[in-house]
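All remarks here apply to the structure that follows.
The values are calculated or read from the model by the stated rules, or taken from the named source; none is laboratory data. None of these values were measured; they are calculated from a predicted model. Please note: Cβ atoms are built from the backbone with ideal geometry, for glycine as well, and neighbour counts cover all protein chains shown. SASA here: full protein model, heavy atoms, side chains in, ligands and nucleic acids out. Shrake-Rupley method; radii C 1.70, N 1.55, O 1.52, S 1.80 Å.
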Amino acid sequence: MNQPSKFSVWNKLLWMFLKVNILSPSGPASVGLLYKEAVGKIMTEARFVEAVGFSNVLPGSEALKLAMFVGFAAGGVPGVFAALMGAILPPTVLMFIVATILQSYQDETWLKSLVLGMSPAVTALIVMVAWELFRTSTRRKVDRRTLLIAALSASALLLKISSPLVLLGAGILGVILFGRRSYQ
Amino acid sequence: MDLLIQLFWVFIKVNLLSTSGPASVGLLHDEVVGKLITGDQFTQAYGLSAVLPGSDALQLAMYIGYAVAGIPGGFVALLAAILPPTVIILGVTMILHRVRREVWVSHFIDGLTPAISVLMLFIAWKIFQKGGADTWQGWAIGIVSLIAMVYKVPERIVIVIAALIGVFFLK
């Protein structure tokens, strides 16, 4: 009887993503929160898992892709745009405010010291993320092929081959190396 | 105008070649540092995007766009970061059942991931050195940060504390 109108579904999507994006510091961290907000309410668990899987495989920012998948499942193509709006708005507004403030202090010494302190922590964070990525990629099969690709990429980078080329090459190598087994 | 086109192209490229926000950092660093912004600005951008709520990748894109070309730059970078995944998702949701069977897509990603990890390690080292952190204080902060993150201290807090230590104790 109380059938929700399409408009209210889009409205709900927009608010849900606004909330999730304000409360979570990063894309990967938002998955858990999103799960609680979306599963059982606007989509089934199976579709959510599928959405997470796809957003990890396709190129581009995964938080956005996840938002769009959830939006599509709940409200079709307009749902995609409602979810996208909700996911983009909070970081955009915040970032412009902070960027404006920081750019006007660019020559101050305290900002230089801030960067000096932040660099090692940022380095540590990147190392952590790299390790996490590597671990998830080898979870199914800790094998020589992954190590081979890693070693080849490292040598290519040491030889100053440009990074987009190295990544493309690694992907193609993946198709060749991992593809062979699946046909045996 | 040339700058805006350059920004647009860089972010389209980076977003097509990486599967997630965090994974794009290495590639992005190579494409913009020294060409569009300085290493210091990149560290600021990355630190901030990890600290502020919301998608890191988008914030990183906007900060870099803004630093290069003001508010229009921020919007161009945002647009270029959003476009590839949006087009792909709209396409994929329409042919979902077909793509699901394409094994080579997942093999491509399996090959891409170790290379991305290696690239990120290279970039991490560059940020560390160029950020002037290659001193005993820098190593100390770096190692303590790493240990803190291994023990699941939220990265936001680690970065804020490191930045504060910088402001008050490093010259």
Hey, if you put +1 on the Cβ of every Lys and Arg and -1 on every Asp and Glu Cβ in the protein assembly as shown, which of A:M128, B:L90, B:Q129 ends up farthest toward the positive end of that dipole?
B:L90
Hey, can you find the accessible area per residue of segment A:6-106 for me, probe 1.4 Å, expressed in square angstrom?
43
I'd like the distance separating the alpha-carbon centroids of segment A:145-165 and segment B:53-93, in whole Å.
27
Cα pair count fraction exceeding 14 Å, expressed as % - segment A:50-112:
65
Taking segment A:6-106, the whole-percent share of alpha-carbon pairs separated by over 23 angstrom is 25
Just reorder B:M1, A:M95 by solvent-accessible area, largest first, 1.4 Å probe, all chains present.
B:M1, A:M95
Once you order the gyration tensor axes a ≥ b ≥ c over the Cα atoms, which shape class does segment A:59-162 get: rounded for a/c under 1.5, otherwise prolate or oblate by comparing a/b with b/c?
oblate
Which links in A:K36/B:K152; A:K65/B:K126; A:K12/B:K152; A:K112/B:K35 stretch past 26 Å when you go from one Cα to the other?
A:K65/B:K126; A:K12/B:K152
Roughly how much accessible area, to the nearest 100 Å², goes out of reach of solvent when A and B pair up, both sides summed, probe 1.4 Å?
7900
Any idea what the dipole of segment A:6-106 comes to, in debye rounded to 20, about its Cα centre with Lys/Arg Cβ at +1 and Asp/Glu Cβ at -1?
240
Classify segment B:1-77: rounded, prolate or oblate, from the alpha-carbon gyration tensor (a ≥ b ≥ c, eigenvalue square roots; a/c under 1.5 rounded; otherwise prolate if a/b is larger than b/c)?
rounded
Rounded to the nearest percent, how much of the accessible area of segment B:32-171 (1.4 Å probe, protein heavy atoms only) is carbon and sulfur?
73
Provide the per-residue ³J(HN,Hα) series for segment A:33-38, in order, calculated from phi with Karplus coefficients 6.51, -1.76, 1.60 and θ = phi - 60°, each as a whole number of Hz, with x at glycine and proline positions.
5, 4, 4, 5, 6, 9
Please compute one quarter of the surface area of the Cα convex hull for segment B:103-169 and express it in square nanometres.
5.8
Given a 1.4 Å probe and every protein chain left where it sits, what share in percent of the accessible area of segment A:6-106 is carbon and sulfur?
73
One quarter of the convex hull surface, Cα atoms only: what value does that give for the protein assembly as shown in nm²?
18.7
